[in-house]
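Readers should treat all values here as calculations from the given coordinates under stated rules, not as data from a laboratory. All figures in this text were calculated on a predicted structure; none of them were measured in a lab. Reconstructed Cβ throughout: ideal geometry from the backbone, glycine too, with neighbour counts over all protein chains shown.
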Amino acid sequence: MLKHLLNYIPAKLFPGVISFLSIYIFARIFTQEEYGNYSFVIAQLTLISAVLFSWIRLSAFRFFNIYQTQRYLFFKYLIIIYSVVFAFFLAFILVYLQVTNFNRDISILFILGIIAIMFTVSYDQIVSILRADLKSKTFAYYEIIKPTLKIIIILVLVLLFNFSETSIMYALIISQLILISHFLLGNFKRESLFTMAKFKTAKYTRNEYLAINKDFLYYGLPLTLSFLFANITSTSDRIIIKYLMDAESVAKYTLAYDLTSFTVTNVFMILNFTFVPVIMKLVDSDKLSLLKQKILDYFNLILLVVAPVVIFLVIFAQQVTDFVLGDQYNTQDTVQIIRLISIAAFIAGLKAYFFDFSFQFGKKTRNQIYPIMFGGVINILLNFILIPKFGIVGAVYSTILAYLIALLISIVLGQKVFKMYIDYKTSTQIILGYSTITVIFMLIKIDGSSFGTFMINISIYLLLIIVIFLLFKKKILKILKG
C-alpha cells in the first residue's frame, strides 16, 4: 500500500504544481476572451467524450484482472470498440459544426479539439490499464511528464510563434502523442515476436466477442449516463454562462473553478488510485474482514488528507487570487468562487471517490445513474435561475446544491447495494481536530496582504496540520503499513 501511495503522490502532486503554474501563466498570456473561447469549446467536447468513451475505460479497468486468461480477446475488443466509437464521435462533431453558426476561431478550436480529445481518450485508457495492472511507477512517470510537456509546448508556441488559445489544443495533442508512442513502442520491444504474431493471428468467435461486449455494456453503459450528468453538473455552467453572459465571464469562472477543483480532486485521486485497485481485488476474492478494514482506512485517510486542503482554500482564497490569478482576475467574485468550489469539490469527491463505489463494487452501476441524474437536472435549472440573479457566483450556488443532493441520494441508494463502512468515532475526532486548529489559526494568524505575510501564515497553518497528523500518527502508520 505504501509503495503505491509513494508512487501516486508525485504522480498527482507534481501535475498539481504544474497546474498551478499553468493557471498562473494562462491568466497572463491569454486574454479573457481567448481563454473563455477555449473553455467553451473544451467543455462541450469533454461532455460528449465522457458520454461516448468513459464507459469503455471504466469497464476495462473493472474487468482487466478478470480477463487475464483471455488477454488477447480483451485487447482486440478494446481496439474494435474504440474504433467504432471514435468514428461516431468524429461524425457527430462534424455534423454539429455544420448545423451551428460558430465563428471561424471557434470552429478551428473544435477541429483541433476533436483530435485532442481522441488522443486524450487513448492516453486515459493506457494509464487506466497501468493502474489496473498496479504499475504505479510507470503511471507516475507518465502523469509527471504529460503536464510538463504540455506547458513547455504552450509557452514555445505562444512566446516564439505568437499562437493564441489554439496552442493549448496543439500542446494536448503533441504531449499525449509522445507518451502514447512511448507506451506502444515499449510494449512492442518487451513482447517477443512469437507473442506479437500470436496476438495478430488469434481468432475469436462471434459469441466470445458478444460475451465481453455484454460485460462491458452491462457494467459500463449505466456509467455513461452517470458521466453525462456528472459532466452536466461540472461543465454546463460554462456553456450557460457563455450564452447568458460572455466569453470573459467564462474565463473568470473557469480559471477559479479549475484551480480549486483540480487541487481538491487531485488529493482524492491520489487516495483513490492507491486504495481502490486493492479494494477491488478484495471484493473479487470475498475476503470480507480485510475488505471492511480497507474501506474504513480509505475513508479515514480521505478525511485526514483532503479536509485540510479544503480548509486552506477557504482561508487563503484572497491570497490565492492575488498571487496566482493576478490582477486580470482579482475580483470578489473570484474569491467567492474559490471558497465555494472548494466545498463543492469536497462534496463531489466524497460522492465520486467513496460512496459511488457501492454501485461499482456491488455491480449495480445502473443505480449510480439516479443520484447524478437528479443533481445534473437541478444544476441546469438552478443555473438559469441563479446566473441572471447572481452572475457567475450563481453558477457556484447551483453546483453546490446539485452535488449535495447527488451525494445524499448516492448514500441512501448505495448503502443498500454494497456497504461502504465508516468509522464514525475516528471521523468525529478528525472533524473536531480540524475545527479546533482552524479556530486557533484564525486567532493567531498575521494580518497583511504581502507575499511574505502569506508565506508566514501558510507556515503556521502547516504546523497546525502536522500537529493533527501527529495525533493520528499510529492510525496513519497502521493504514500505510497495511
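Per-structure values
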quantity: Rel. contact order, % - alpha carbon contacts under 8 angstrom, at least six apart, the chain; calculated: 22 percent
quantity: Whole-number Å³ per residue for the convex hull built on Cα positions in the chain; calculated: 156 Å³
quantity: Full-stretch length increase - Val439, Ile80 - with 0.36 nm per residue and alpha-carbon distance subtracted; calculated: 123.6 nm
quantity: Label-point separation in nm, Asp246 to Ile431, each point 7 Å along Cα→Cβ; calculated: 4.4 nm
quantity: Under 19 Å from the Cα of Lys146 - aspartates and glutamates, other chains or at least 8 residues apart; calculated: Asp124, Glu165, Asp258
quantity: Alpha carbon centroid spacing (whole Å) that separates segment 9-47 from segment 289-310; calculated: 29 Å
quantity: Extended-chain gain in nm, criterion 0.36 nm per residue less alpha-carbon gap, Lys287 and Gln415; calculated: 44.2 nm
quantity: Karplus (6.51, -1.76, 1.60) ³J(HN,Hα), θ = phi - 60°, over segment 225-240, in Hz, Gly and Pro reported as x; calculated: 5, 4, 5, 4, 6, 5, 6, 4, 5, 8, 10, 4, 4, 5, 5, 5
quantity: Length gained when the stretch Leu94-Tyr209 is fully extended (0.36 nm per residue, less Cα-Cα span); calculated: 38.4 nm
quantity: Sum of -39500 (n - 2.57) over DSSP H runs of 4+, divided by residues of the chain (222 nm, nearest 500); calculated: -30000 deg cm²/dmol
quantity: Whole-Å distance, taken between Cα centres, linking segment 344-391 and segment 75-92; calculated: 28 Å
quantity: Highest to lowest packing among 54-62, 468-476, 413-421, scored as the average C-beta count within 10 Å; calculated: 54-62, 413-421, 468-476
quantity: Shape box of segment 327-413 [Cα atoms, principal axes, largest first, Å]; calculated: 48, 24, 17
quantity: Protection proxy ranking of 247-256, 28-37, 269-278, 382-391 - average other beta-carbon atoms within 10 Å, highest first; calculated: 247-256, 269-278, 28-37, 382-391
quantity: Cβ-Cβ FRET estimate between Phe384 and Thr201, R0 fixed at 60 Å, reported to 0.05; calculated: 0.60
quantity: Trypsin sites (Lys or Arg not before Pro) restricted to segment 269-321 and DSSP loop, no more than 13 other C-beta within 10 Å; calculated: Lys287
quantity: In nm, spacing of pseudo-spin labels at Leu463 and Tyr67 (7 Å Cα→C-beta vector); calculated: 5.5 nm
quantity: In nm, spacing of pseudo-spin labels at Ile174 and Asp447 (7 Å Cα→C-beta vector); calculated: 5.0 nm
quantity: Compactness index (Cα Rg / 2.2 N^0.38 Å), segment 309-461; calculated: 1.25
